[in-house]
Structure formats: structure tokens, C-alpha cells
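Heads up: the structure comes next, in C-alpha cells.
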Amino acid sequence: MSKSIISEGNTTNHAIENGLKELNVTRDMVDIKVLEEEKRSFFSILAPRVVKVQLTIKEDMQEDKGAKKTKTKIEKLSTEEQDLAYRNIDEFLKQFIKNLPEGIEYSIEKSETDMKVSLNNQDLGYLIGYRGETLYALQNIISSIASKGIEHRVRVILDIEGYKNKREKTLQDLADKVARKVVKTKKSVTLEPMKAYERKIIHSHLQDSQKVQTKSIGEEPNRRIVISLKNN
């Protein structure tokens with residue numbers, strides 16, 4: 001989960017600058033959302049103006065060439081919060097699967113750091129989507145539902161038919177194959193555009209390589225990984 005803060009200032013730019021200083025990042029490293037801008041009337045013209053903005057560190061900025069990542073604090077759930085999050089998810093899934101083909105089973109595993117949710121049945125590809133896009137969208141929805149009544153956002157890890165493990169293995173195999181090619185040809189290779197969570201898998205898999213290095217280039221949705229030789 002990306003780190004997010006709310007910052008204030010007497011102008012939008014001032015609020016943003018205050019937030020950037022607190023996060024110790026540059027403007028291109030965050031997503032910015034204006035939350036509140038106090039309206040000024042004739043009678044309040046002398047009152048200080050207050051603007052509130054939300055700054056969220058982009059997921060890509062947590063890659064940092066694979067080896068270094070921006071560490072975000074994971075809020076631990078109390079036993080009561082775990083139970084509430086569990087009930088929230090359970091109630092949602094009971095209604096959700098009523099609209100799906102029969103025979104779908106789900107499991108919920110709670111812990112103080114996250115809630116692991118698994119859906120299983122044959123032919124659930126439509127819930128996974130192209131390269132997991134639907135799965136991750138559903139994961140975000142369940143995370144919001146799990147967080148109802150809890151002060152901080154609950155981290156939910158959703159998997160469907162073991163897709164994540166299969167996809168991770170596919171990306172790791174790709175990383176190894178391309179790394180061997182880079183070493184053999186001594187030429188960098190740029191991979192096709194990938195989502196942030198997929199790029200993280202490749203960065204992490206190759207971060208301890210003695211021969212190659214990784215970095216991300218470009219802008220979303222066309223951000224790519226470049227695998228190149230290390231300058232030894």
C-alpha cells in the first residue's frame with residue numbers, strides 16, 4: 001500500500017510543497033488530489049485561507065531499480081479489527097458469489113498485517129482479467145469493504161485459482177531468460193509495458209544479480225523495465 005499524507009497550506013502549491021517536504025520526495029514522485037479549499041466570502045476576506053491536499057507516493061517510486069524500495073509502514077490490526085474486517089469481507093463475498101456460477105468457494109485468512117482472500121472454482125478467468133487487471137481491481141474493492149469501521153485501510157491480498165503464484169513464476173522465468181540474453185549479447189533489453197506490481201516482481205527477482213541490473217522508464221500506462229549489464 002502506497003504511503004499517503006494530507007498536507008495544508010494557504011495555497012494549493014504551498015500545501016503541495018509542505019507535503020513534499022514531509023515525504024522527502026519530488027513532485028513527479030507523487031499523485032496529488034485537492035481535498036478541500038476553504039471558500040472565502042466578503043466577511044472572511046481577512047481570515048487565513050486553508051487548502052488541503054492528499055499526496056500519495058506512486059507505486060513505481062517504490063521500485064527504485066529493484067534493490068531499494070520506499071518502505072511504507074503496515075498498520076497492524078488488533079484482534080477486534082481482524083474480526084471486523086473478516087465479517088465485512090465475508091458478508092460481501094456471500095452476496096458477491098450469488099451473482100456468479102454455482103460452486104465457487106472462498107476462504108478468508110486473517111492476521112495482524114493483512115487479510116488473505118482466495119476464490120476457487122473452474123473457469124474464473126473473467127475474474128482475473130488480462131494480466132490480473134480485474135483481480136487487482138476486485139482486490140482494491142474488497143480492501144475498501146474490509147476497512148469499513150476501521151480507522152486505517154486494511155491490506156487485502158486476493159488470489160483467484162492460484163493466479164498470482166503462476167504469474168509470478170512466469171515473470172521470474174522471463175526475467176531469467178532476458179538476463180541470460182543480456183549477458184550473452186552485452187546489449188540491454190527493454191521489456192513490454194507492465195503494471196507496477198509486475199515490474200516489482202522482476203526488479204525483486206533480479207536485484208541480487210551480479211551481472212545485470214534493472215530500471216523502469218517511461219510513463220504509465222507504457223512504463224517498462226530495462227534490463228542491462230552492470231558496470232563492474
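Where a number appears in this text, it was derived from the coordinates with a stated rule and is not lab data. All figures in this text were calculated on a predicted structure; none of them were measured in a lab. Please note: Cβ atoms are built from the backbone with ideal geometry, for glycine as well, and neighbour counts cover all protein chains shown.
Quick look at the values:
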| read-out | value |
| --- | --- |
| Modelled FRET efficiency - R0 30 Å, V189 with K58, Cβ distances, 0.05 increments | 0.80 |
| Among E109, E168, E81: highest mean-square fluctuation, GNM of the chain, C-alpha pairs under 10 Å | E109 |
| Furthest towards positive pole of dipole, L23, V34, H152, structure part the chain, Cβ charges | L23 |
| FRET efficiency, 1/(1 + (r/R0)^6) with R0 22 Å, evaluated for T113 and Q210 via beta carbons | 0.10 |
| Members of K116/K211; K3/K181; K195/K230; K21/K181; K116/K186 lying beyond 31 Å, as alpha-carbon distances in this model show | K116/K211; K3/K181; K21/K181; K116/K186 |
| Antiparallel %, DSSP beta bridges [both residues in the range 79-161], to 5 | 55 percent |
| Sequence of H205, H14 once ranked by neighbouring C-beta atoms within 10 Å, starting from the fewest | H14, H205 |
| Förster radius 35 Å - calculated FRET efficiency between E102 and E219, Cβ distance, rounded to 0.05 | 0.20 |
| Calculated [θ] (222 nm, deg cm²/dmol) that DSSP helices of n ≥ 4 give over the chain, each run adding -39,500 (n - 2.57) | -11500 deg cm²/dmol |
| Reported label for calculated volume of the Cα convex hull per residue in Å³ given (i) 169; (ii) 122; (iii) 139 | (i) |
